[in-house]
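*Asks:* Provided herewith is a single structure, encoded as structure tokens, for subsequent inquiry.
The values are calculated or read from the model by the stated rules, or taken from the named source; none is laboratory data. What you see is a predicted model, and the numbers here were worked out from it, not measured in a lab. All Cβ positions, even for glycine, are placed from backbone atoms using ideal geometry, and neighbour counts span all protein chains on display. Calculation scope for accessible area: heavy atoms of the full protein, side chains included, ligands and nucleic acids excluded. Shrake-Rupley method; radii C 1.70, N 1.55, O 1.52, S 1.80 Å.
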Amino acid sequence: MENSIEIKNISKNYPDFELKNISFNVPEGCIVGLIGENGAGKTTTIKAILNIINTTGEIKVFGKDNKEYEKEIKKDIGVVLDDSFLSTYLTAKNINSIMKEFYNNWDKEKYFRYLKQFDLPTNKLIKDFSSGMKMKLKIAVAISHSPKLLILDEPTSGLDPIIRNEILDIFREYIEEDEKRAILMSTHITTDLEHIADYIVFIEKGNIIFNLPTEELLENYGIVKCSKQEFEKIKNTDYIKYKKEKYQYEVLVQNKYDFKRKYNIDVIDKPTIEDIMLFYVKGEK
Amino acid sequence: MKEIKGLIKKDLLNLASYKSTLIVVIICVCAVGSMSQSAINYIPIMMTAMIGMIALSTFSYDEIAKSNKYVLTLPTNKKEVVIEKYILVIGCIFIGAIVGFIITPVIIYIINYFRPENNMNIDYNLLLTTTIGGIFGISLVSSIQIPSIYKWGAERGRIQMFILVFGLIAIVVGIGYLLVKANINIDYNVLNNFLDKFGLVVLIILSFVMLYVSYKIAYKIYLKEEN
């Protein structure tokens, strides 16, 4: 399997934040979720991929250097940013006439079909759109030139569950249309990723904590619930983090099956990605 | 080049919301200019200033929508983004100058038609001088303002620009004061003769030089800026 994005040891220094040697890949045909707290480095990583900021290290998109082939690469990428778009004093119809100048394969019919599908008015100023409508418009714009790669920065934040679900369906359809396509999606709404992501990359304070297949995370990881006495018997190397609750200990383990065999503790819950993230951030070791 | 066209389209479509304001401004400028023979000669300057400055307001639109970040995700780069702004500003300055140059004789004809007793004359030399003067003035302001906006943003950039303009005026006045103080006499006849012969050409060349230097500075600033 080829990689749509290859990131090797990228670093970036800000006075109050540092991105430290980030490396991961986005394989073709896959959805990779980038998770982490606000300010963990997700958006910085996306900006680095798009060459909006300068970083050290190597970034290849479609096998090409992202700085040297910047324009060529961007012709095959669709981007959705949570906090930025073209002016709000434009209409969806205006956007069509602008975008056809940027993309040779801009598909006007497809774009207006999406607008119709999403119930978006063509002649209304974007400033009068609701948050959900704005996000749907950004998505319609991002996929109307049939890009090989979608980069999405918080595409579902601030949206109600129904619209979020609709949007996730769009991404599912998009990736199913062509096996060469890929999506990199940063979000802090981790439940969205449980449904669609193939891999999860967790960034915390500028470091990658883990980069694992979603299935492995959800199937193998476990939250052990035990007493203080039971917890004291667990070897330090056999768990990732623990949390001391009012009446019990909660322990995050990497392989619940191995753990069960070794310690004979039966109460092991299946964690959500959010649980795992919270253990890494708030748990102790 | 197609990408620059896309960026220009984006800015022009943004400016479309200015249509009615622009018509009102043009009518007001014409009304003020038609009051006297001396005032009418300033129509090209006012028109160039109004239309030229409107182009600069696209920076505010970009800032409100944070569109600079989004634009850089499209198949373009920082160099094209800066070039587009200068093309837009230069285009607007020249459109303003041409509108001013054409509209002034039209107003004079209309006034003379309705008020034949106060016949106004068309001085094409003066008209050309004020038009090119307008181009130079707005080019100077834009040359200072665009890099200021890239450095400090649309709002703060405007304040910084006024500080810079006043600083420049203070320097010129200061030099004049020092020349008088040091009893250095300038032969103004030589200067006037030179300006009569080559003044307009010099102003046009200077306008382009200023805008080119300004572009270089703005690009350098924008290249370092991280959205």
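*Asks:* Where does the Debye-calculated log10 I(q)/I(0) of segment B:2-224 sit at q = 0.08 Å⁻¹, using only Cα point scatterers of equal weight, no solvent?
*Replies:* After summing over all Cα pairs, the log10 values are -0.36.
*Asks:* Which ³J(HN,Hα) values in Hz, rounded to whole numbers, follow from the phi angles of segment B:121-129 under the Karplus curve 6.51 cos²θ - 1.76 cosθ + 1.60, where θ = phi - 60° and Gly and Pro get x?
*Replies:* Working through the residues one at a time gives 9, 9, 9, 5, 5, 5, 4, 5, 4 Hz.
*Asks:* Using modelled amide H (1.01 Å from N, peptide plane; none on Pro or chain starts), what sits under 5 Å from the amide H of A:Ile5, excluding residues fewer than 5 places away?
*Replies:* Hits under the 5 Å cutoff: A:Val26, A:Phe62.
*Asks:* Another one. Rg (Å, one decimal) plus Dmax (Å, integer) for the alpha carbons of segment A:113-203?
*Replies:* My reading of the Cα-based Rg and Dmax gives 13.3, 41 Å.
*Asks:* A follow-up question, please. So for the pair A:Thr237, B:Val173, with labels modelled 7 Å out along Cα→Cβ, what separation do we get in nm?
*Replies:* The modelled label-to-label distance comes out at 8.0 nm.
*Asks:* Also: Can you compute the label reach from A:Thr88? Point 7 Å from Cα along the Cβ direction, backbone N cut-off under 14 Å, restricted to segment B:56-91.
*Replies:* From segment B:56-91, the list is B:61-67.
*Asks:* Once each part is reduced to its C-alpha centroid, what is the distance from segment B:35-104 to segment A:47-70 in angstrom?
*Replies:* 33 Å
*Asks:* Decide, for segment B:112-195, between rounded, prolate and oblate: order the square roots of the alpha carbon gyration tensor eigenvalues as a ≥ b ≥ c, take rounded if a/c falls under 1.5, and otherwise choose prolate if a/b is larger than b/c, else oblate.
*Replies:* On the way: a/c = 2.84, a/b = 1.24, b/c = 2.29.
It is oblate, given that a/c is not under 1.5 and a/b is not larger than b/c.
*Asks:* Take the Cβ-Cβ distance between A:Lys71 and B:Asn189 as r, set R0 to 60 Å, and report the resulting FRET efficiency rounded to the nearest 0.05. The partial results should precede the final answer.
*Replies:* On the way: r = 56 Å, r/R0 = 0.93.
That pair, A:Lys71 with B:Asn189, gives E of 0.60.
*Asks:* Can you say what percent of the DSSP beta bridges in chain A, counting only those with both residues inside, are antiparallel? Round to 5. Before the final figure, lay out each step's value.
*Replies:* Working: 34 of 53 bridges.
The antiparallel proportion sits near 65 percent.
*Asks:* In the protein assembly as shown, how does Rg compare with the Kirkwood Rh, expressed as the Rg/Rh ratio over alpha carbon atoms?
*Replies:* That ratio equals 1.13.
*Asks:* Further, regarding this structure: Just the Cα atoms of segment A:150-285: what Rg and Dmax do they give in Å?
*Replies:* Rg then Dmax for segment A:150-285, in Å: 17.2, 53.
*Asks:* Shifting gears a bit: What's the carbon and sulfur percent of the protein assembly as shown's accessible surface, probe 1.4 angstrom, rounded to a whole number? Walk me through the numbers on the way to the answer.
*Replies:* Working: 14580 of 25350 Å².
Its accessible area is 57 percent carbon and sulfur atoms.
*Asks:* How much length is gained if the chain between A:Asn207 and A:Asn105 is pulled fully straight, taking 0.36 nm per residue apart and subtracting their Cα-Cα distance, in nm to one decimal?
*Replies:* 33.0 nm
*Asks:* Then there is this: Determine ³J(HN,Hα), in whole Hz, for all residues of segment B:206-216 in sequence, where each value follows from phi through the Karplus function 6.51 cos²θ - 1.76 cosθ + 1.60 and θ = phi - 60°; x replaces Gly and Pro.
*Replies:* Ordered by residue, 3J(HN,Hα) equals 4, 4, 5, 4, 4, 5, 5, 4, 4, 4, 4 Hz.
*Asks:* Same structure, new question: Just to check I understand the Karplus step: with θ = phi - 60° and J = 6.51 cos²θ - 1.76 cosθ + 1.60, what whole-Hz values come out for segment A:205-214, glycine and proline as x?
*Replies:* Once θ is set to phi - 60°, the couplings for segment A:205-214 become 6, x, 10, 7, 8, 8, 9, 9, x, 4 Hz.
*Asks:* Using R₀ = 45 Å, calculate the FRET efficiency as 1/(1 + (r/R₀)^6) where r is the Cβ-Cβ separation of A:Val267 and B:Glu155; round to 0.05. Each step should come with its number before you reach the end.
*Replies:* Values: r = 58 Å, r/R0 = 1.30.
Result of the calculation: an efficiency of 0.15.
*Asks:* Pop out a list of residues from segment B:49-64 that are at least 10 Å² less accessible with all the protein chains around than in their chain alone; 1.4 Å probe, no ligands or nucleic acids counted.
*Replies:* Buried by 10 Å² or more upon assembly, which counts only protein chains, are B:Tyr61, B:Ile64.
*Asks:* Expressed as a rounded percentage, what relative contact order does chain B have, with Cα pairs under 8 Å and six or more residues apart? If you can, show how the numbers build up before the last one.
*Replies:* On the way: 214 pairs, mean separation 57.7, N = 227.
Relative contact order comes out at 25 percent.
*Asks:* Using alpha carbons only, how many degrees (0 to 90, rounded to 10) separate the axis of helix A:92-102 from the longest principal axis of chain A?
*Replies:* 90 degrees
*Asks:* Using only Cα atoms and rounding to the nearest 10 degrees, what angle (0 to 90) does helix B:154-181 make with the longest principal axis of chain B?
*Replies:* Helix B:154-181 sits at roughly 40 degrees to that axis.
*Asks:* Using a Förster radius of 22 Å, what is the FRET efficiency between B:Phe208 and B:Val165 based on their Cβ-Cβ separation? Nearest 0.05, please. Spell out each step's value before the answer.
*Replies:* Working: r = 20 Å, r/R0 = 0.90.
The pair B:Phe208/B:Val165 has a calculated efficiency of 0.65.
*Asks:* Stretch A:Gln117-A:Lys180 to full length: gain in nm at 0.36 nm per residue minus the Cα-Cα span?
*Replies:* Details: separation 63, 0.36 × 63 = 22.68 nm, distance 2.46 nm.
Gain in length upon complete extension: 20.2 nm.
*Asks:* Could you tell me the distance between the Cα centroids of segment B:116-139 and segment B:151-177, to the nearest Å?
*Replies:* 27 Å
*Asks:* May I ask what percent, to the nearest 5, of DSSP beta bridges between residues of the protein assembly as shown are antiparallel? Please list the in-between numbers first.
*Replies:* Details: 34 of 53 bridges.
So the antiparallel bridges in the protein assembly as shown amount to around 65 percent.
*Asks:* Related question: Using per-residue counts of other Cβ atoms within 10 Å, averaged over each peptide, order A:266-272, A:149-155 from highest down. Could the numbers behind the result be given before it?
*Replies:* Working: A:266-272: 14.4, A:149-155: 24.3.
Descending mean neighbour count gives A:149-155, A:266-272.
*Asks:* Which shape class applies to segment A:122-166: rounded if a/c is under 1.5, otherwise prolate when a/b exceeds b/c and oblate if not, where a ≥ b ≥ c are the square roots of the Cα gyration tensor eigenvalues? Spell out each step's value before the answer.
*Replies:* Numbers: a/c = 2.18, a/b = 1.16, b/c = 1.88.
Verdict is oblate for segment A:122-166.
*Asks:* Would you mind working out the accessible area per residue for the protein assembly as shown, using a 1.4 Å probe, and quoting it in Å²?
*Replies:* On the way: 25350 Å² over 512 residues.
Normalised by residue count, the accessible surface of the protein assembly as shown is 50 Å².
*Asks:* Once you've got the Cα coordinates, tell me which of A:Lys127/B:Lys78; B:Lys10/B:Lys79; A:Lys205/A:Lys233; A:Lys235/A:Lys260; A:Lys124/B:Lys78 are over 20 Å apart. Walk me through the numbers on the way to the answer.
*Replies:* Numbers: A:Lys127/B:Lys78 26 Å; B:Lys10/B:Lys79 17 Å; A:Lys205/A:Lys233 31 Å; A:Lys235/A:Lys260 13 Å; A:Lys124/B:Lys78 30 Å.
Correct reply: A:Lys127/B:Lys78; A:Lys205/A:Lys233; A:Lys124/B:Lys78.
*Asks:* Only loop residues by DSSP count here, and only those with at most 16 other Cβ atoms within 10 Å; note down the GluC sites (Glu not before Pro) in segment A:171-228 that meet that. Mind dumping the intermediate values first?
*Replies:* Values: sites: A:Glu173, A:Glu176, A:Glu177, A:Glu179, A:Glu194, A:Glu204, A:Glu215, A:Glu216, A:Glu219; in loops: A:Glu179.
Passing sites in segment A:171-228 are A:Glu179.
*Asks:* Hey, if you drop one equal point scatterer on each alpha-carbon of segment B:2-55 and run the Debye formula without solvent, what base-10 log of I(q)/I(0) do you get at q = 0.12, 0.18 Å⁻¹?
*Replies:* -0.37, -0.65
*Asks:* Strictly greater than 27 Å: what percent of every Cα pair in chain A meets that?
*Replies:* 46 percent
*Asks:* Nearest 100 Å² is fine: how much accessible area is buried between B and A, summed over both sides, with a 1.4 Å probe? Mind dumping the intermediate values first?
*Replies:* Values: alone 13840 and 14450 Å², together 25350 Å².
In total, chains B and A hide about 2900 Å² from solvent.
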